[in-house]
Amino acid sequence: MSLVCVLNGPNLNRLGQRQPEIYGTESLDQIITQLHARAEALGLALDARQSNHEGHLVDWLHEAGDRGALAVILNAGALAHSSIALRDAILSISTPVIEVHLSNPAAREGFRHQSHIAPVAWGVIQGFGGLSYMLALDAAASLRQGAAR
Ligand code: DQA
């Protein structure tokens with residue numbers, strides 16, 4: 001069974017309480033529960049994690065690559081806008097990475113307009129709340145058929 005790793009960065013453990021007018025009222029656990037159901041329907045194994053520490057995300061990207069994961073769904077939170085280490089970690093593995101955001105950073109403050117991850121990601125899905133993750137999972141599933149880049 002193909003594996004999809006879902007990696008979440010800083011402050012995403014606060015979803016549901018954190019700026020609900022921007023990020024909605026669903027908790028990360030609720031989103032992940034829905035993702036598990038969808039993964040099962042798609043015949044995918046899911047490994048979902050969250051950390052507030054950049055190094056954990058770097059280690060988990062390496063691990064996903066070493067495990068031969070089909071894809072990584074990555075919401076790096078604010079690290080998307082600042083972390084060269086995460087960008088380099090993505091470049092160090094052959095697993096495709098799908099960048100996701102609940103909000104649409106392009107429609108927010110200027111400092112959120114740049115993502116260091118987007119140029120090295122397989123694709124980016126942002127602005128759909130929890131649905132961003134579902135759409136990313138469907139995109140990951142399509143990689144089994146060797147989707148074109
Ligand atoms: C976010 C967008 C980032 O700009 C922000 O720092 C986050 C959440 C999102 O999912 O919309 O922490 O990644």
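Does residue 66 qualify as being open to solvent by 60 Å² or more (accessible area, probe 1.4 Å) and either within 16 Å of the ligand (Cβ to nearest atom) or within 12 Å of the chain's Cα centre (by Cα) (or both)?
no
Do you know which residues across the range 10-22 are over 17 Å from residue 127 (Cα atoms) and either more than 11 Å from the ligand (Cβ to nearest atom) or open to solvent by less than 30 Å² (accessible area, probe 1.4 Å) (or both)?
Within the range 10-22, 10, 17 qualify.
Are there any pairs, at least 6 apart or on different chains, whose C-beta atoms fall under 7 Å, with the first in the range 35-62 and free of Cβ contacts under 8 Å to residues at least 24 places away in the same chain and the second surrounded by 14 or more Cβ atoms within 10 Å (Cβ to Cβ), and if so, which?
Listed pairs, sorted by first residue: 36/46.
Yes/no matrix, rows are residues, columns are (1) over 16 Å from residue 73 (Cβ atoms); (2) of a type in the set (Lys, Arg); (3) in contact with a strand residue (DSSP E or B) (Cβ under 7 Å, 6 or more places away or on another chain):
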position	(1), (2), (3)
6	no, no, yes
17	yes, no, no
21	yes, no, no
24	yes, no, no
37	no, no, no
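Being farther than 19 Å from residue 121 by Cα, open to solvent by 10 Å² or more (accessible area, probe 1.4 Å), within 16 Å of the ligand (Cβ to nearest atom) and among the β-branched types (Val, Ile, Thr) narrows it down to one residue among 33, 25; which is it?
Numbers: 33 fails: within 16 Å of the ligand (Cβ to nearest atom).
Of the residues listed, the single one that is farther than 19 Å from residue 121 by Cα, open to solvent by 10 Å² or more (accessible area, probe 1.4 Å), within 16 Å of the ligand (Cβ to nearest atom) and among the β-branched types (Val, Ile, Thr) is 25.
For residue 88, all conditions in the list (1) in contact with a Cys (Cβ under 8 Å, 6 or more places away or on another chain); (2) open to solvent by 10 Å² or more (accessible area, probe 1.4 Å) hold save one; what is the number of the exception?
Of (1) in contact with a Cys (Cβ under 8 Å, 6 or more places away or on another chain); (2) open to solvent by 10 Å² or more (accessible area, probe 1.4 Å), only one is false for residue 88: (1).
Which residue pairs have Cβ atoms under 6 Å apart, sit 6 or more places apart or on different chains, and have a first residue in the range 88-109 that is under 16 Å from residue 10 (Cβ atoms) and a second that is of a type in the set (Val, Ile, Thr)?
What qualifies is 89/58; 99/117; 99/124; 100/73; 100/125; 103/22.
Matching residues to (1) of a type outside the set (A, V, I, L, M, F, W, C); (2) within 13 Å of the ligand (Cβ to nearest atom); (3) assigned to a helix (DSSP H, G or I); (4) open to solvent by less than 60 Å² (accessible area, probe 1.4 Å):
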{"position": "41", "(1), (2), (3), (4)": "no, no, yes, no"}
{"position": "56", "(1), (2), (3), (4)": "yes, no, yes, no"}
{"position": "61", "(1), (2), (3), (4)": "no, no, yes, yes"}
{"position": "99", "(1), (2), (3), (4)": "yes, yes, no, yes"}
{"position": "124", "(1), (2), (3), (4)": "no, yes, no, no"}
{"position": "129", "(1), (2), (3), (4)": "yes, yes, no, yes"}
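The values are calculated or read from the model by the stated rules, or taken from the named source; none is laboratory data. All of these numbers come straight from a predicted model, not from anything done at the bench. As a convention, Cβ positions derive from the backbone with ideal geometry for all residues, glycine included, and neighbour counts pool all protein chains shown. Calculation scope for accessible area: heavy atoms of the full protein, side chains included, ligands and nucleic acids excluded. Shrake-Rupley method; radii C 1.70, N 1.55, O 1.52, S 1.80 Å.
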